[in-house]
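Here is the structure we will look at, set down as structure tokens.
The values are calculated or read from the model by the stated rules, or taken from the named source; none is laboratory data. Predicted model, so just to flag it, every value in this text is computed and none were measured. Ideal geometry is used to build each Cβ from the backbone, glycine not excepted, and the neighbour counts take in all protein chains shown.
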Amino acid sequence: MNWLNPAVLGFAVRRKLADLGHGARLFWRLCALFMASMRRFGLVRDQIHFLGNYSLAIIGVSGLFVGFVLGLQGYYTLQRYGSSEALGLLVALSLVRELGPVVTALLFAGRAGTSLTAEIGLMKAGEQLSAMEMMAVDPVRRILAPRFWAGIIAMPLLAAVFSAVGILGGWAVGVLLIGVDPGAFWGQMQAGVDVWRDVGNGVVKSLVFGVTVTFIALLQGYEASPTPEGVSRATTRTVVVASLSVLALDFILTAMMFSI
Amino acid sequence: MERSRNDLWVGLFVLIGAAALVFLALQSANLLSFSLQPTYRVVAKFDNIGGLKRQAAVKSAGVVVGRVESIAFDDKSYQAKVTLALENQYAFPKDSSLKILTSGLLGEQYIGIEAGADEKLMAAGDTITTTQSAVVLENLIGQFLYNKAADGGASGNAAKGTAPKK
């Protein structure tokens, strides 16, 4: 029962609190560096290229298959109640509200978050960050902030691509393969999906997830212990913590947005 | 600004993302049908609104002429007070009646306006009281069972009454 020892317990609590405070301070600094990042947009652009363009393929293909599956599953369930015309509505609402932002954030954490953590962790292990500080270059400003803002810009766009491709996938299965009436498919969708309540809230969700995933990836990389094991552990933690945070935040956001 | 290759690809990425957003807004949510016509408000009292919701359509002859703006309960008359926002371009006679209708078997509920014959036109702030409530399935079934029982009893009596005559 070593951990019950007040000294050990107190030290652990203090360390956790200090970690939290350090994370919050870094988050605040990254937010405050928005203007500085936009002024050197070349750095942000290169990171959007790295985080966004390279994630486009996995996001597009996943969206297509999620749309296919939604089309099939939705059709089999809806036709039992004789309302297979509502397939378009079902596919669009589930993609725009939930699956688009959430699955994109999970894929983004796996595809882009890990590479951010590994890159920054290795920079730290190779003492590149220390070297920058020696040259009076602020690594938070030069390395972290452009990646942070690039992630926030890329994530809503990726989520929108996911939802749009998914709807097209649902359309391909529902209309082309099964033969749901295309007029009813699009008509019910347009009647039931609201631009601000559904699409707008989906964009807000994906923005929040972009902030969460990118920040967690950067923090884990920046805080990684500068050894090979440290970097590998930080990369794993990025995926675990980012995925859990996204799912928990999704519940909270959904409760806030769609409760009324 | 160097590295124009990256510029091109990032531009393409942003373009694809923006195109996806536009697709979602226009094709799936139909932003264009979002009506920004000036409207006037009319209050209607219903005994029972069933599953009517805010933003439900108000239709006349099947054409959308307005939206339900708010729904409240009036504890003086124990009725539902529904505020409708009708588009200015459509005018209706003062004695028009309202009905709560359902699109399809499981579809959404909407309000149908049936034009009356009055010469005067409805103005903003008017209250419509000639309304027909939503059809509540339970009441309908109850009524059906009641009629069925009454029919059964009547025919049974009739059979009994006629039997001795033969």
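In this structure, is A:THR238 buried (at least 23 other Cβ atoms within 10 Å of the Cβ), hydroxyl-bearing (Ser, Thr, Tyr), assigned to a helix (DSSP H, G or I) and touching a Ser or Thr at 6+ places or on another chain (Cβ under 6 Å)?
yes
The rows are residues; the columns are (1) crowded, with 16+ Cβ neighbours inside 10 Å; (2) farther than 26 Å from A:SER94 by Cβ.
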| position | (1), (2) |
| --- | --- |
| B:VAL42 | yes, yes |
| B:GLN55 | no, no |
| B:ARG67 | yes, no |
| B:ALA72 | no, yes |
| B:LYS81 | yes, yes |
| B:LEU86 | yes, yes |
| B:PHE92 | yes, yes |
| B:LYS99 | yes, yes |
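I'd like the full set of residues that are of a type in the set (Lys, Arg), assigned to a loop (DSSP other than H, G, I, E, B) and modelled with pLDDT of 85 or more, limited to region B:126-166.
none
Of the conditions (1) within 21 Å of A:VAL193 (Cβ to Cβ); (2) exposed (fewer than 13 other Cβ atoms within 10 Å of the Cβ); (3) polar (S, T, N, Q), A:ASN2 fails just one. Which one is it?
(1) is the only condition that A:ASN2 fails.
Which ones in region A:147-166 are facing chain B (nearest Cβ under 10 Å), under 17 Å from A:PHE215 (Cβ atoms) and not hydrophobic (A, V, I, L, M, F, W, C)?
A:PRO156
For (1) among the polar types (S, T, N, Q); (2) out of contact with any Ser or Thr (no Cβ under 9 Å at 6 or more places or on another chain); (3) under 19 Å from A:LEU33 (Cα atoms), each residue gets a yes or a no:
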| site | (1), (2), (3) |
| --- | --- |
| A:LEU95 | no, no, no |
| A:THR104 | yes, no, no |
| A:LEU107 | no, no, no |
| A:LEU122 | no, yes, no |
| A:VAL140 | no, yes, yes |
| A:ARG147 | no, no, yes |
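Quick one: B:ALA123 ticks every box in (1) out of contact with any Asp or Glu (no Cβ under 8 Å at 6 or more places or on another chain); (2) assigned to a strand (DSSP E or B) except a single one, so which number is it?
Going through the list (1) out of contact with any Asp or Glu (no Cβ under 8 Å at 6 or more places or on another chain); (2) assigned to a strand (DSSP E or B), B:ALA123 breaks only (2).
Of the residues that sit in region A:61-78 and are more than 13 Å from chain B (Cβ to nearest Cβ) and free of Cβ contacts under 8 Å to residues at least 24 places away in the same chain, which one is nearest to A:TRP171 (Cα to Cα)?
Among them, the one singled out is A:VAL69.
Starting from residues that are in contact with a Lys or Arg (Cβ under 6 Å, 6 or more places away or on another chain) and within 10 Å of another protein chain (Cβ to nearest Cβ), keep the ones in region A:34-60 and report whichever is nearest to A:SER163 (Cα to Cα).
A:SER55
Which is farther than 30 Å from A:LEU122 by Cβ and part of a helix (DSSP H, G or I), of A:GLY169, A:GLY230?
Unique residue meeting the criteria: A:GLY169.
Regarding A:ALA184, is this residue among the small types (Gly, Ala, Ser), in a helix (DSSP H, G or I) and either in contact with a helix residue (DSSP H, G or I) (Cβ under 6 Å, 6 or more places away or on another chain) or buried (at least 24 other Cβ atoms within 10 Å of the Cβ) (or both)?
In short, yes.
Mind telling me which of the residues A:GLY192, A:GLY174 ends up being within 13 Å of chain B (Cβ to nearest Cβ) and either surrounded by 17 or more Cβ atoms within 10 Å (Cβ to Cβ) or on the phi < 0 side of the Ramachandran plot (or both)?
A:GLY192
For A:SER83, only one of the following conditions fails: (1) without any contact (Cβ under 8 Å) to a residue 60 or more places away in the chain; (2) surrounded by fewer than 24 Cβ atoms within 10 Å (Cβ to Cβ); (3) within 13 Å of the chain's Cα centre (by Cα); (4) within 14 Å of chain B (Cβ to nearest Cβ). What is its number?
It is condition (3) that A:SER83 fails.
With (1) surrounded by 14 or more Cβ atoms within 10 Å (Cβ to Cβ); (2) of a type in the set (A, V, I, L, M); (3) closer than 15 Å to A:GLY151 by Cβ as the list, and A:MET38 as the residue in question, which single condition is left unmet?
A:MET38 satisfies every listed condition except (1).
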